[in-house]
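Only one structure is covered here, and it is reproduced in the block below.
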Amino acid sequence: MSSSLKETVGRYGIWSVGLRSEDPGRRHELADAAAELEQLGYGAVWLGGSSAPRHAAPLIEATSTLTVGTSIQSIWQYDAAETAAGYAGLEAAHPGRFLLGLGVSHAKLADQYRRPYSALAGYLDALDSAGVPAGRRLLAALGPRTLELARDRAAGSIPYLVTPEHTARAREILGEGPLLAPELKVVLETDPARARTLARETLAMYLALPNYTNNFLRHGFTEADLTDGGSDRLVDAVFAWGDEGTIRDRVDAFRRAGADHVALQVVDGAPRDTLPREAWRRLAALLS
């Protein structure tokens, strides 16, 4: 992969479920938020949940340089032909502005979940046949085999809920060329008890998903770290919280470990589909 994609997405982006909506009444709100994120200097936004190319369109249309990616589109929810058609439409209208982030989701969330690695490879085969270039797709890769797939058949990886240690290992597997853009949750709170409480409220649902817990165990955590909402050690590894300097250092830890770009998700106790615009402004200021 050329360096142009890394330059396009920049160092920082925003990961948000709220920027993905099926409600036409929110179109103006989403467009206005995307335009501000671009103005604040973020290079990319990542649409949380199982998003599709159509969810990216309003944000791309409202901006001029912002890259919009899915994080992720579940391979079980949208077939490859539908995905390829959506990609082609966006690429024709707005060349180079959309990235197709793909993942296998979780057995608890997809009834048809079987042989996920083989299914993902087969999905990439279908995208190849439909003309979706490898350079415009990314994989939500956690384990070594899927990271190798991201290296060989995509533009890189967008791993979710990971640590700097995972990032370092992912960079070793990917090599220097592919994009590595981990997601990192940020709690703009200095009180340790309050910050960790907010973190655990978000972490709880992920601790019920083996893809994540197995990845934690691969990277040195124990079963004890995964109980009672997650140990302080686990929380502090996968969330950035504290004063501005501490948060900046936690973000920089992912960059030092090999991340090209960090996708920042604000955690503040509000419903996940809200738009924490003031927090996005604060993050932009502390990262500048």
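Read-outs: derived from the displayed coordinates by stated rules, not from any lab. Since we're looking at a predicted model, the values are computed, not measured. All Cβ positions, glycine included, derive from the backbone under ideal geometry; neighbour counts span all protein chains shown.
Summary table
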{"item": "Residue among Gly13, Leu37, Pro24 farthest towards the positive dipole end of segment 1-46, charges placed on Cβ", "result": "Gly13"}
{"item": "Residues with amide H under 5 Å from that of Ala141, placed H, sequence gap 5 or more", "result": "Ile158"}
{"item": "Backbone HN-Hα couplings from phi across segment 116-127 [Karplus 6.51/-1.76/1.60, Hz, Gly and Pro as x]", "result": "x, 5, 5, 5, 5, 4, x, 5, 5, 4, 5, 5"}
{"item": "Segment 198-288, Rg to Rh (Cα coordinates; Rh as Kirkwood inverse mean 1/r)", "result": "0.97"}
{"item": "Cα-derived Rg to Rh of segment 137-288, Kirkwood definition", "result": "0.96"}
{"item": "Per-residue HN-Hα couplings for segment 193-202 [Karplus 6.51, -1.76, 1.60; θ = phi - 60°; Hz; x = Gly/Pro]", "result": "5, 5, 4, 6, 4, 4, 4, 5, 4, 7"}
{"item": "Calculated FRET efficiency for the pair Tyr117/Leu286, C-beta based, R₀ 51 Å, to 0.05", "result": "0.85"}
{"item": "Spin-label pair Arg255/Ser64, simplified geometry with 7 Å Cα→Cβ offset, distance in nm", "result": "2.6"}
{"item": "Calculated FRET efficiency for the pair Arg272/Arg27, C-beta based, R₀ 25 Å, to 0.05", "result": "0.85"}
{"item": "Under 5 Å, built H, 5+ apart or other chain: amide partners of Ile14", "result": "Ala44, Val45, Trp46, Leu264"}
{"item": "For Ala240, distant residues with modelled amide H under 5 Å away", "result": "Lys185, Val186, Val187"}
{"item": "Test item: Cα-centred dipole of segment 7-52, Lys/Arg +1 and Asp/Glu -1 on Cβ, debye", "result": "120"}
{"item": "Largest-first principal axis extents, alpha carbons of the chain, Å", "result": "50, 41, 36"}
{"item": "Burial ranking of peptide ranges 136-143, 162-169, 113-120 (average Cβ count within 10 Å, highest at the top)", "result": "136-143, 162-169, 113-120"}
{"item": "Karplus 3J(HN,Hα) series, Hz, for segment 19-31 with 6.51 cos²θ - 1.76 cosθ + 1.60 (x for Gly, Pro)", "result": "7, 10, 8, 9, 8, x, x, 9, 4, 5, 4, 5, 4"}
{"item": "Positive dipole terminus of segment 106-216, leading residue within Leu124, Gln112, Ala168 (C-beta point charges)", "result": "Gln112"}
{"item": "Net charge dipole size for the chain [Lys, Arg +1 and Asp, Glu -1 on Cβ; Debye, nearest 20]", "result": "380"}
